[in-house]
Every structure is written in C-alpha cells, then in structure tokens.
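Peer 1: The following block contains the structure, expressed as structure tokens.
The values are calculated or read from the model by the stated rules, or taken from the named source; none is laboratory data. Owing to the predicted nature of the structure, the values given are computational and were not obtained by experimental measurement. Because the Cβ atoms are built from the backbone with ideal geometry, glycine has one as well, and the counts that use them run over all protein chains shown.
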Amino acid sequence: MAPQPPLRTIALVAHDGQKADLLAWARHNREVLAGHRLVATGTTGQLLADELGLEVLRLESGPLGGDMQLGAMIAEGGVDVLVFLWDPLSAQPHEPDVRALLRMATLWNVPVASNRATADLLVTSPLLTDPVYVRQVPDHATHRDRLLARGEGRTAPPRAPALA
C-alpha cells in the first residue's frame, strides 16, 4: 500500500491590490488546496473561505499583526509553503512586517511564491504530495548560541530597573 500523501500547511496572503488575483488562483487550484491545511491573514482568509468553501485558519490582518503571527508560525515549523501575492506598485504601511515575514520564510527554508506563476509551480510540484520529501530546516543552533553568549536572544525580556 502506497504511503498517504502528507498534509502540508499552505499560508495564503495577498495585499489589497492582489486579492482578486489570489482568489482567481485559489479557485483554479481549489482541488489541490482542499487536500491541505490553509492559513491566511485577515480579510484574505475570509474571502478564501467564502469563495472556496474550505476551512481556513484566519489570523489578524497584516497591518494588525497577521504578518507577524505568520512569521511566528514559520519559525515554529508550522508553515510548509507561503503564497504571498504582494503589490509591487503600492507602498504598504506595514512594510517592515512584510519584509520580516519574507525574511522568516527565507531563514527557515519555506518555499515562497510572490506571483501566480510561481504559486502554480509550487502547488503542482510532485514534492508537495511526496510522502518521502521533507523540507530541510536549517539548524540555527550555532547562531543562537552566539547570540546567547553576547546576551542577545534571551527567552525573557530584561528586567527594567527599579524606580527610586
């Protein structure tokens, strides 16, 4: 008996100017998406759930911290693929959060699609459903140890000095 294809977690994010494009892409790929766990930020998540009739874990909207929540999920190993259709023609008020999200995906070796063509290639890759394929997660222990040795990267914030 062949091993069951793995359930991957696919994160879906779209800036306002790209939401229609993401919805069209998701409709086209509904069958593939239905076989995986979906997570999305704010309004995008609601639009996808309504459009596809699939369960979508909804985080906050990007400007309210959804990008940061997604970045934390990536750091904890909870995201396998990120489809992030960002708007290259519009400045975003939460641009630092967007950059941080993309940095986290790169840091933890999560495949990222920033346009429909790349998203199509990711979700049709045989590796997405290959039960033997395991994404290589970098071991950042050496870097973490260096930060701790310098007093950075603490697990708890430093205590504020007592007021006199």
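Peer 1: With the requirement that a residue be part of a loop (DSSP other than H, G, I, E, B), without any contact (Cβ under 8 Å) to a residue 60 or more places away in the chain and of a type in the set (A, V, I, L, M), what does segment 94-149 give you?
Peer 2: Correct list: 110, 134.
Peer 1: Might you let me know whether segment 54-74 holds any residue that is surrounded by 15 or more Cβ atoms within 10 Å (Cβ to Cβ) and hydroxyl-bearing (Ser, Thr, Tyr)?
Peer 2: yes
Peer 1: Restricting to segment 36-53, name every residue that is exposed (fewer than 15 other Cβ atoms within 10 Å of the Cβ) and in contact (Cβ under 8 Å) with a residue 12 or more places away in the chain.
Peer 2: Answer for segment 36-53, where residues must be exposed (fewer than 15 other Cβ atoms within 10 Å of the Cβ) and in contact (Cβ under 8 Å) with a residue 12 or more places away in the chain: just 46.
Peer 1: Would you tally the residues in segment 48-100 being at pLDDT 90 or above and in contact with a Pro (Cβ under 6 Å, 6 or more places away or on another chain)?
Peer 2: Qualifying residue count for the region: 1.
Peer 1: Any residue at all in segment 67-87 that is polar (S, T, N, Q), farther than 19 Å from residue 129 by Cβ and in a strand (DSSP E or B)?
Peer 2: no
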